[in-house]
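Asks: Pasting a structure below so you can have a look.
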Amino acid sequence: MMLAIIIVVSIFVTSVVVLVMFKPESLEDKDLYTNACRLDVRIMNCSNCTKGHEICPQWSKEQVVGILRTNLKMSAISSLIALMYAFSGVGYGFVLRDHISTHQIDYV
């Protein structure tokens, strides 16, 4: 369980750091529109996202940046929720250990 907590904390910290350090000006347009096609795989909203041509000119730069930021926020929130459940599991484990260690058996 402690390994799960460490992994979830690292995902949360990474998501928050990348979200804070994210600068859309540092991305080139080609990289940005290639990411738009990768994000659009299941939506099928862009007509230009085919295997040979993976640049989506239909989405604006602000829309792609907004989606990337939203994905980072969702990752941070999801890891925070998983962290709360992991801490409650560890707390339950400590309570269970105390109950087992103080348990006495009465023989009839």
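The values are calculated or read from the model by the stated rules, or taken from the named source; none is laboratory data. Owing to the predicted nature of the structure, the values given are computational and were not obtained by experimental measurement. Neighbour counts are summed over all protein chains in view; Cβ atoms, including those assigned to glycine, are modelled from backbone coordinates with ideal geometry. For the accessible areas, the whole protein counts, side chains as well, though only heavy atoms, and no ligand, DNA or RNA atoms are used. Shrake-Rupley method; radii C 1.70, N 1.55, O 1.52, S 1.80 Å.
Asks: Is at least one residue of the stretch 18-33 open to solvent by 70 Å² or more (accessible area, probe 1.4 Å) and at pLDDT 85 or above? Walk me through it before giving the result.
Replies: We begin by selecting, within the stretch 18-33, every residue open to solvent by 70 Å² or more (accessible area, probe 1.4 Å); these are 20-21, 23, 25-26, 28-31.
From what is left, the residues that are at pLDDT 85 or above are 20-21.
Within the stretch 18-33 (the criterion being open to solvent by 70 Å² or more (accessible area, probe 1.4 Å) and at pLDDT 85 or above), the answer is yes, since at least one residue qualifies.
Asks: Still on this structure: Of the conditions (1) surrounded by fewer than 11 Cβ atoms within 10 Å (Cβ to Cβ); (2) hydrophobic (A, V, I, L, M, F, W, C); (3) at pLDDT 75 or above, Met74 fails just one. Which one is it?
Replies: (1)
Asks: Continuing with this model, one more query. So, in the stretch 14-39, how many residues would count as being of a type in the set (Gly, Ala, Ser) and without any contact (Cβ under 8 Å) to a residue 24 or more places away in the chain?
Replies: Residues in the stretch 14-39 being of a type in the set (Gly, Ala, Ser) and without any contact (Cβ under 8 Å) to a residue 24 or more places away in the chain: 1 in total.
Asks: Of all residues being of a type in the set (Val, Ile, Thr) and closer than 14 Å to Ile77 by Cα in the stretch 1-17, which is least open to solvent (accessible area, probe 1.4 Å)? Just the residue, please.
Replies: This residue is Val8.
Asks: Now a separate question. Could you please tell me which pairs satisfy a Cβ distance under 7 Å, a separation of 6+ or placement on different chains, a first residue in the stretch 77-103 that is under 14 Å from Ile6 (Cα atoms) and in a helix (DSSP H, G or I), and a second residue that is open to solvent by 70 Å² or more (accessible area, probe 1.4 Å) and modelled with pLDDT of 90 or more?
Replies: Note: pairs meeting the criteria are Ser79/Ile11.
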